[in-house]
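**Student:** This is the structure I have questions about; it appears just below.
What follows draws every value from the coordinates through simple rules; no lab data is involved. Quick caveat: nothing in here was measured; it's all calculated off a predicted structure. All Cβ positions, glycine included, derive from the backbone under ideal geometry; neighbour counts span all protein chains shown.
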Amino acid sequence: MRFLILILIIGGIVWYFFLRKSPKKPKNNHEAELMLECCECGTYVSSKEAISYNDKYFCSKKCLLKNKKG
């Protein structure tokens, strides 16, 4: 009888620390980012990554140069 109780206690400890699934915390640390449209190709990029030139926004240097040429 003591052996059975000991096995149950050890099993409970193993389950509690190793096998149970911990509740997942919601990730609400994301702030809403402003998305801007590239005026050359139409791709949306975050305001942090966008390149601003003459009050226009571009997704890359390639699109910026393409817009400057023509």
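**Student:** Where does each of K66, K24 land when they are ranked from fewest to most other beta-carbon atoms within 10 angstrom?
**Tutor:** Final ranking by Cβ density, sparse to dense: K24, K66.
**Student:** Specify which residue in the list S47, L19, I7 is farthest towards the positive end of the charge dipole of the chain, using unit charges on the beta carbon of Lys, Arg (+1) and Asp, Glu (-1), about the Cα centre.
**Tutor:** Result: I7.
**Student:** To the nearest 20 debye, what is the magnitude of the charge dipole of the chain about its Cα centre, counting +1 on the Cβ of each Lys and Arg and -1 on the Cβ of each Asp and Glu?
**Tutor:** On the way: 13 positive and 6 negative charges, 69 e Å.
Charge dipole, the chain, about its Cα centre: 320 debye, nearest 20.
**Student:** Which are the unpartnered cysteines of the chain, meaning those with no other cysteine Cβ under 4.7 Å from their Cβ?
**Tutor:** C39, C41, C63
**Student:** With each run of n ≥ 4 DSSP H residues scored as -39500 (n - 2.57), what mean residue ellipticity at 222 nm is computed for the chain after dividing by its residue count and rounding to the nearest 500 deg cm²/dmol?
**Tutor:** Working: 2 runs with 22 residues, N = 70.
Theoretical 222 nm ellipticity from helices: -9500 deg cm²/dmol.
**Student:** Calculated FRET efficiency, S46 and R20, Cβ-Cβ r, R0 30 Å, to nearest 0.05?
**Tutor:** 0.20
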